[in-house]
Amino acid sequence: MPPDPIRRIGHLKTVDDFRAHVKTLGIDLPCDDAILTAPDSPLARSYRFGAFTIGNRFAIQPMEGWDGETDGNPSERVFRRWRNFGKSGARLIWGGEAIAVRPEGRANPNQLYAADHTRTGLGRLREELLKAHKAHTGAADDLFTGLQLTHSGRFCRPNDKVRMEPKIVYHHPILDRKFNIDPALPVLTDGEIRSIVEDYHRAARMACELGYHFVDVKHCHGYLGHEFLSATTRPGPYGGPFENRTRFLREIVEGIRATAPDLLIGVRLSAFDFVSFRPDPARSEGRKLGPGIPDDHTGCLPYRYAFGVDQTRPTRPDLTETFRFLDLLQDLDIRLLNLSAGSPYYTPHIQRPAYYPPSDGYQPPEDPLAGVARQIEIVSRIKKRYPDFLIVGSAYSYLQDYLPHVAQQVVRDGKADFIGLGRMVLSYPDLPHDVLTKGTLNIRKVCRTFSDCTTAPRNGLISGCFPLDAFYKRSPEGTRLREIKKAIQTE
């Protein structure tokens, strides 16, 4: 269990209880008194983006379920997830799924990837989404859909769900040790990088031909695009100065504009990062995790190995280069921005705050509400500086019963344009619809951040909400996951 004095959200029975608890933490979280329905709710407002009107302020975040076919095509489980996205009532589908641009760039051997033989399946995903959305809400003309394009870089596992086959931009003094990366492993050559850039061009052109409105060029969570932004020690045209570290993005954008000029481009960005964390060995026992503490970085200061971090105190954000990157997006006429933080592999507490850690994580080193507030505050600063950007905020699932109360005021106050939902949609796909039409939540379906959707793939299984979704709970993988967790608890 997490160390005291962390209180579970489910123990806070009223909005006043929630506000009082937030006050004791010394953090700021805006919070409305009641859940409002359409048309009065700020979350029901449409958003005009260019020639397109997006019907409300809920966004579905891109996810990968570790459950596609090994040839890169969607499986029935993937179609089910996308139909749930459609039923949700959210009018912005940000990327939908993390689609690898080449098979060896996958984060797991069941991740979808873009290729000629997967074209029909990737197109059918959109068709199933639209069909479910229209059946559930009555229309789909104000639904804005994208496809997230990615290469997993350091975290590639294309042939085995556990064994990594990393493709790195540079050798990282801490992450190499943490993830057992051979110091002799060659980094990606400039020629290999240019080949990957061309893969993005081909995948984006396919997405455009299949009817997606935009592609997300992923730059978050420690994957390849994100790693380029911290490649200060890499020599040559893709490392060192900021201009070189952003060449990967610029070349991708240039090629997309040349081959699919009608396709819009977005970026999901880890706006800040920290040095990696690990369980405190003094407070761990066997596989029972202690609270997170920073990995030893005393020999790595100034810390040049993360993007958006204070190099002298790398557990603090520094948005200097983040703003510079966003200035570049402006120059490239990119206005679609989805903001996250850190990485699920080495800083999960700042990326997706949770009460219960995944099996390879650590107990929260702070009240998870502090992590939620941190992201909301930084997104607000960015929105204020870049008012013309369409900005999606993240980290809302941990708010649980009070998610709509906080989300309403965030949007009303202009701190973000859209509320991004990830894990919450796995357990409760119709939350947006319930909020806007009923003004209530089905508390039996609210995600309690058990982290099973992460623990399962960390142990070679598919991802899903095993505690609350009967489809996964009753599956063979659900049985196996319960056995794994029981073994961890008894060690």
Exposure rank, largest accessible area first [171, 133; 1.4 Å]: 171, 133
Fully extended contour minus Cα-Cα distance, from residue 46 to residue 134, at 0.36 nm per residue: 30.0 nm
Cα centroid separation, the stretch 1-67 to the stretch 256-316 (Å): 24 Å
Inter-probe distance in nm under a simple model that places probes 7 Å from Cα toward Cβ, at residue 20 and residue 332: 4.9 nm
Theoretical gain in end-to-end length, residue 162 to residue 182 [0.36 nm per residue, Cα-Cα removed]: 5.6 nm
Length released on extending from residue 288 to residue 194, taking residue separation times 0.36 nm less the Cα-Cα span: 29.5 nm
Using a Förster distance of 41 Å, the FRET efficiency for residue 13-residue 412 (Cβ separation, nearest 0.05): 0.95
Unsatisfied cross-links (Cα-Cα over 31 Å) in the set 134/218; 87/383; 383/485; 438/473: 383/485
For the stretch 212-217, 3J(HN,Hα) per residue [Karplus equation, 6.51 cos²θ - 1.76 cosθ + 1.60, θ = phi - 60°, Hz, x = Gly/Pro]: 5, 6, 8, 10, 9, 8
Amide H partners (placed H, <5 Å) of residue 234, local residues excluded: 240
Accessible surface, per residue, of the stretch 46-185 when the full set of protein chains is kept, probe 1.4 Å, Å²: 35 Å²
Shape of the stretch 136-276, Cα gyration tensor, a/c cut at 1.5: prolate
Sum of -39500 (n - 2.57) over DSSP H runs of 4+, divided by residues of the chain (222 nm, nearest 500): -10000 deg cm²/dmol
The stretch 275-362: relative contact order as a whole-number percent, Cα under 8 Å and 6+ apart: 25 percent
Cα-projected label distance for residue 258 with residue 442, points at 7 Å along beta-carbon direction, nm: 5.0 nm
Percentage relative contact order, the chain, counting C-alpha pairs under 8 Å, at least six apart: 17 percent
Most to least accessible of 257, 385 (protein chains only, probe 1.4 Å): 385, 257
3J(HN,Hα) from dihedral phi, the stretch 407-412, Karplus parametrisation 6.51/-1.76/1.60, rounded to Hz, x for glycine, proline: 4, 4, 6, 4, 5, 4
Which of 249, 25 is most accessible, then next, and so on - probe 1.4 Å: 25, 249
The chain - percent of accessible surface contributed by carbon and sulfur, probe 1.4 Å: 48 percent
Residue 312 paired with residue 381, simple spin-label distance in nm, labels 7 Å along Cα-to-beta-carbon: 1.6 nm
Other-chain or far-sequence residues with amide H under 5 Å of residue 340's (modelled H): 269, 270, 271
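The values are calculated or read from the model by the stated rules, or taken from the named source; none is laboratory data. Since we're looking at a predicted model, the values are computed, not measured. Methodologically, a virtual Cβ is constructed for each residue, glycine included, from the backbone with ideal geometry; neighbour enumeration extends over all protein chains shown. Protein only, heavy atoms only, side chains kept; ligands, DNA and RNA dropped before computing areas. Shrake-Rupley method; radii C 1.70, N 1.55, O 1.52, S 1.80 Å.
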